[in-house]
Amino acid sequence: MNAFGVEFIEPGRLWFLVIPLALMAGYVFQAMRRSQYALRFTNLQLLGSVAPNQPGWRRYVPAAAFVAGLVAIVGAVAVPAIEVDVEREVSTVILALDTSISMEAEDILPNRLEVAQAAAIDFVADVPADVRLGLVTFAETAIVAVPPTTEHDRVSAAISRAQLRPGTAIGEALYASLDMIAGEQALFGSDIPASIVILSDGETTVGRPDAEPARLAADAGITISTVAFGTDQGSIFFQGQFVPVPLNESALRNLAEIGGGQFFEAGSADELATIFDTLSTSVGVETELEEITDLFAAVGLLLVALGGAFSLVWGSRLP
């Protein structure tokens, strides 16, 4: 169960909330009865002389603090936790870069590939130094340009050397990425976080379909995020004629959904740079649940103590 960013590991224990809620209901009922008794006095001057000074709003503060404290204590019993980002000592990220002919389109100047190369190189520069980064380029086939390494300069150099080729084999790129990650897990353990980032402008046109490796990745806990880059106005001059190459964001969105990652769409160099900035801060980081039971218990005890203190000071009794 998740509420206000807090997840309760033992949500069944929240049924204990009926205790403070029942106490609150009883308190409200008694307050209403006191009001009814007060209305029976027709001589208000007589009532003022026989009744003590009314504390007004202070009457309700001790009870409210006491009940709120019990609610917090029940929350502690349900084992509250929040999500925190934890850096892992070893993590692997595979960048899969589309180098198909459609990336020659000049709807984003000077062309899609050159802009993508510049953004990808900046991404590599921002990735934490201890992240093992690999590169796959793909067109009609997938090529392992750089196996996973902490020598990020090698990845940047390989990105800058990428050449255009016909075809779009996203499925083959995924299989190549999974093979590299399998090798990493054999070296460092199967629990190391691993992810694949695909930058492309289209869909699989050659090679094996991409849905099956995406499902294999998801089953293995490997996330696939996709970046759709381009516009609907893209075209290339191919075999003596202009051929439209519009962005196919739906195929890449579907791939991210299967792979359990994020989908991004960029129609300009600035948008692509922003996306890669976001991705660079998330790689090498794993989200874990951190218990905050002590915090809930401390707040609960403090509120109960404050309720008792207010009651003693203002009413010479405990709530």
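Nothing in this text is a laboratory measurement; each read-out follows from the coordinates by a stated rule. A quick note: this is a predicted structure, and the numbers were derived from the prediction, not measured. Cβ: placed from backbone, ideal geometry, glycine included. Neighbour counts: every protein chain shown.
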By the C-alpha gyration tensor axes a ≥ b ≥ c (rounded if a/c is under 1.5, else prolate when a/b exceeds b/c, else oblate), the shape of the range 102-157 is oblate
Can you tell me which of PHE263, PHE188, PHE242 moves the most in a GNM of the chain? Springs connect C-alpha atoms under 10 Å apart. PHE242
Restricting the count to DSSP beta bridges whose residues both fall in the chain, what percent are antiparallel, rounded to a multiple of 5? 45 percent
In what sequence do ARG112, ARG33, ARG165 fall when counting other Cβ within 10 Å, fewest first? ARG33, ARG165, ARG112
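How do the peptides 265-274, 67-76 rank, highest first, by the average count of neighbouring beta carbon atoms within 10 Å per residue?
Most protected by this proxy first, the peptides run 67-76, 265-274.
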Computed over the chain: longest principal axis from alpha-carbon atoms vs helix 293-315 long axis, angle to nearest 10 degrees, is 20 degrees
At q = 0.21, 0.25, 0.27 Å⁻¹, base-10 log of I(q)/I(0) for the range 193-247 (Debye sum, equal scatterers on each alpha carbon): -0.88, -1.03, -1.10
According to the square roots a ≥ b ≥ c of the eigenvalues of the Cα gyration tensor, what is the shape class of the range 65-116, taking rounded for a/c under 1.5, prolate for a/b larger than b/c otherwise, and oblate for the remainder? prolate
When N is the residue count of the range 185-319, what does its C-alpha Rg come to as a fraction of 2.2 N^0.38 Å? 1.85
Nearest-ten-degree value, helix 18-39 long axis tilted from longest Cα axis of the chain: 40 degrees
Any chance you could give the angle, 0 to 90 degrees and rounded to 10, that helix 170-188 forms with the longest Cα principal axis of the chain? 70 degrees
For ILE121, ILE224, what's the fewest-to-most ordering of other Cβ within 10 Å of each Cβ? ILE121, ILE224
Using a Gaussian network for the chain with springs between C-alpha atoms less than 10 Å apart, which of these wobbles most: GLN117, GLN233, GLN30? GLN30
When the chain is treated as a GNM, springs tying every alpha-carbon pair under 10 Å, which of THR278, THR99, THR150 comes out with the largest mean-square fluctuation? THR278
Dipole axis of the range 128-273 (+1 Lys, Arg; -1 Asp, Glu on Cβ), positive-most option in THR231, VAL146, GLY171: VAL146
Using Cα-only point scatterers and the Debye equation, what is log10 of I(q)/I(0) for the chain at each q in 0.10 Å⁻¹, rounded to two decimals? -0.67
Restrict the search to the range 74-169; then list the GluC sites (Glu not before Pro) that DSSP places in a loop and that have at most 10 other Cβ atoms within 10 Å of their Cβ. GLU89
When VAL6, VAL84 are arranged by how many other beta-carbons sit within 10 Å of their Cβ, fewest first, they go VAL84, VAL6
Using Stokes-Einstein with the Kirkwood hydrodynamic radius over Cα pairs, what translational diffusion coefficient do you get for the range 83-185 at 4 °C and a viscosity of 1.567 mPa s, in µm²/s rounded to a whole number? 91 µm²/s
Which value, to two decimals, describes the C-alpha radius of gyration of the range 148-246 once divided by 2.2 N^0.38 Å? 1.28
